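Report on the following structure.
The values are calculated or read from the model by the stated rules, or taken from the named source; none is laboratory data. All values reported here derive from a predicted model rather than from experimental measurement. Counting neighbours? That spans all protein chains shown, and the Cβs are built from the backbone with ideal geometry, glycine included.
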Amino acid sequence: MGIVKIERIGGLGGFGGPHLKSRGECSLADLSAADQAAVDALFASQGKARAVPGNAPMRDGFSYRISRQTPTGTKTVEVPESMVPAALVSSVKDSIE
Amino acid sequence: MRCHCSIIPNDVLKRFAEDEKLSAPERKNFADTALVDTEMRKLRLQAGKLTNVTAALSRAPVATVATPAITVADCNHSQTLPGAPVANPGSSADLTIKRAYDETKAVAEFYKTVFGRNSIDNAGMTLGSSVHYGVNYNNAFWNGMRMTYGDGDANIFIDFTKSNDVIGHELTHGVTQHTLQLAYSNQAGGLNESISDVFGTMFRQWRAGQTVNQADWLIGSEIMGPGAIARHFTCLRDMASPGAAHCLAPQPFHFSNYHAGMDPHYSSGIANFAFYKIAMAVGGQSWEKVGQIWYKAMTGFKPSVNMRMKTFADRTRKLAVSMYPGNVALQRAVNAGWIAVGL
């Protein structure tokens, strides 16, 4: 079912910059059916979700850049932390590079 | 239950709630999430409306209380907000709780004493903080209603309440929300972040009674963990030298290096450096004159969601003239500071 790559970005420290990184990956097959469905929903709702009133981003909140392979190439969505299944969140590791 | 689907369209949630390929507990989880999601959306919409109403009334604020109440809740390492309310947080044996209480109270006093502002909304809004958020959580944030602090992973970062400029930074996001209402992307996002750094560092200097020459101008210096210190990182950001090697998050500090879509924690270096240059040129204590100009630029006008950096710079130039008409040196310092960063 493929690999999902996850990068945590933003936050007070600006993860994703030159030194602060937070990355991980997991196999879709290892996720529960509910988490797989949640990942599908993230990709399905990208764009539409952004337009929902009242969903302004938190200040200094984390976002997640999630990528997966599809028959037409790599698809990437960027979503707030509150939308990301816990299994994906726990797959990332913070590091200094 | 951790609601992790909060902005997935409700129809998608409901479809999963009825999907027989999922287990009964999983379907219930989606159904519960859909229910919570609906209520959370209503709550956020109401919070937004409330912000707009209070902003509209800000020229004649009606203070409901003389000083804001300060509350602290303990997340006990969950990611559920607000967490369990803490009774008497100011006398808690938990130093994180006590620090969140004491420093939030001090930020409220800073805004009251220095700028005559009564809390985030200038009407005595209760200042709520949540601590011990998540497990090894390397962040602090403002969620639109309260400040939240992680404990750090004890390697890159330690307890995020330990740098009082971080507490000032987060609370100032609330003030911005109730005044300029800046967006969080592009130039407005950079201004939003810079205003939080500027008021966070001014609060830190005020708390320490420092002049601009005595201050170190570092952001987040007390939350650096042993792993970061071992690699010679001494702060998140340095307003005096935004691109320095000792910054864990080095920033550009000239507008020529700005590009659309840049993380606001990086583009903020431009206005941060301008404030530093101006404050150093004026001398004394940062909040006495230059801080007053910044505060007026933030609070004395209508909301400007997509404000550009040049607009903010020009506003401070005009305010330097109108607020300090006889102080030519200050007016020149403001102009020179912005020119130094290309604005």
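Results, tabulated for the structure shown:
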| quantity | calculated |
| --- | --- |
| Filtered residues of the stretch A:1-16 (kept if closer than 26 Å to residue A:59 by Cβ and either in a strand (DSSP E or B) or modelled with pLDDT under 95 (or both)) | A:6, A:7, A:8, A:9, A:10, A:15 |
| In the stretch A:63-96, residue surrounded by the fewest Cβ atoms within 10 Å (Cβ to Cβ) [restricted to those that are more than 19 Å from residue A:43 (Cβ to Cβ) and at pLDDT 95 or above] | A:93 |
| Every residue from the stretch B:181-198 that is among the hydrophobic types (A, V, I, L, M, F, W, C) and out of contact with any Leu (no Cβ under 8 Å at 6 or more places or on another chain) | B:183, B:198 |
| The stretch B:216-255: number of residues that are surrounded by 19 or more Cβ atoms within 10 Å (Cβ to Cβ), within 13 Å of chain A (Cβ to nearest Cβ), hydrophobic (A, V, I, L, M, F, W, C) and assigned to a loop (DSSP other than H, G, I, E, B) | 4 |
| Pair list, Cβ < 6 Å and 6+ apart or interchain, from the stretch B:294-322 residues that are over 18 Å from residue B:337 (Cβ atoms) to residues that are among the polar types (S, T, N, Q) | B:299/B:179; B:303/B:181; B:305/B:181 |
| Top-ranked residue in the stretch B:141-154 [being at the interface with chain A (Cβ under 8 Å from one of its Cβ atoms) and in a loop (DSSP other than H, G, I, E, B); ranked as farthest from residue B:231 (Cα to Cα)] | B:144 |
| Residue in the stretch B:270-283 that is crowded, with 22+ Cβ neighbours inside 10 Å, free of Cβ contacts under 8 Å to residues at least 24 places away in the same chain and more than 12 Å from residue B:194 (Cβ to Cβ) present | no |
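Residue-wise test of (1) on the phi > 0 side of the Ramachandran plot; (2) in a loop (DSSP other than H, G, I, E, B); (3) among the hydroxyl-bearing types (Ser, Thr, Tyr).
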{"residue": "B:111", "(1), (2), (3)": "no, no, yes"}
{"residue": "B:124", "(1), (2), (3)": "yes, yes, no"}
{"residue": "B:165", "(1), (2), (3)": "no, no, no"}
{"residue": "B:168", "(1), (2), (3)": "no, no, no"}
{"residue": "B:174", "(1), (2), (3)": "no, no, no"}
{"residue": "B:188", "(1), (2), (3)": "no, no, no"}
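Yes/no per residue for (1) without any contact (Cβ under 8 Å) to a residue 40 or more places away in the chain; (2) over 27 Å from residue A:22 (Cβ atoms); (3) of a type in the set (A, V, I, L, M):
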residue	(1), (2), (3)
B:69	no, yes, yes
B:79	no, no, no
B:85	yes, yes, no
B:90	yes, yes, no
B:93	yes, yes, yes
B:105	yes, yes, no
B:115	no, yes, no
B:119	no, yes, no
B:159	no, no, no
